[in-house]
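Reading through the structure tokens given below for one structure.
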Amino acid sequence: MKAKSIAIAAGITMLLSFGACKKKEEPVQEAPAPAPAHELMIPKGETRIVVPDSVQGKWEAVKIEITDKTTKKKEVVTIKLGSEYTIPGSDIKIKVGDFLPDFRMDGLSITSASNELKNPAVHVTVYEGDKEIFKSWLYSNFPSIHPFQHEKYSLTLVEAVPVKK
């Protein structure tokens, strides 16, 4: 009988020890939510475009593909840097600014890391009538980053035209 009592006591002790040794589950911690946009450290001031001497005067124009979303018609036009182009049959005017063959942004400075076509981008301002509707960069390698948004037209930077020697 004594052996049976010892076996029962041992069994109870084991059951209690399993419960006591069970690791307490800690609540799952979720990653902190990203800071709201108004709390991000965005540099204050005017963004400036710096075209390095190694790039200045080396590029003459850009080729931009204009797609009419309603007719699916695509046309590639060559527009000289610093000039404007009006899409025929519309009141959409594209003003082409600076071209950077190797676009880089560091804080408030936008520049080109080299004169090689590694990350080509062109700064454009688009007007509908007299109203500015878009002012940003078109990227050849990343056309979906900050794209021109319009119900009828899309614009894509195809390539740059170097100055003829």
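All of the numbers you see were taken from the coordinates with simple rules; none came from a lab. What you see is a predicted model; the values in this text were computed from it and never measured. Cβ coordinates were reconstructed from backbone atoms using ideal geometry, including for glycine residues, and neighbour counts include every protein chain displayed.
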Any of LYS131/LYS152; LYS72/LYS164; LYS118/LYS152; LYS95/LYS164 with alpha carbons more than 25 Å apart? Name them for me.
LYS72/LYS164; LYS118/LYS152
Sorted by chain and number, the residues with a modelled amide H under 5 Å from that of GLY97, at a separation of 5 or more or across chains, are GLY82, HIS123, VAL124, THR125
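Take ASP91, ASP98, ASP53 and order them by how many other Cβ atoms sit within 10 Å, fewest up front.
ASP53, ASP91, ASP98
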In nm, spacing of pseudo-spin labels at GLU151 and GLU132 (7 Å Cα→C-beta vector)
2.4 nm
Given a cut-off of under 8 Å on Cα pairs at least six residues apart, what relative contact order in percent is computed for segment 48-162?
29 percent
Where in segment 106-149 does the amide nitrogen come within less than 14 Å of the point 7 Å from the Cα of THR47, taken along Cα to Cβ?
106-112, 121-126, 134-139, 145-148
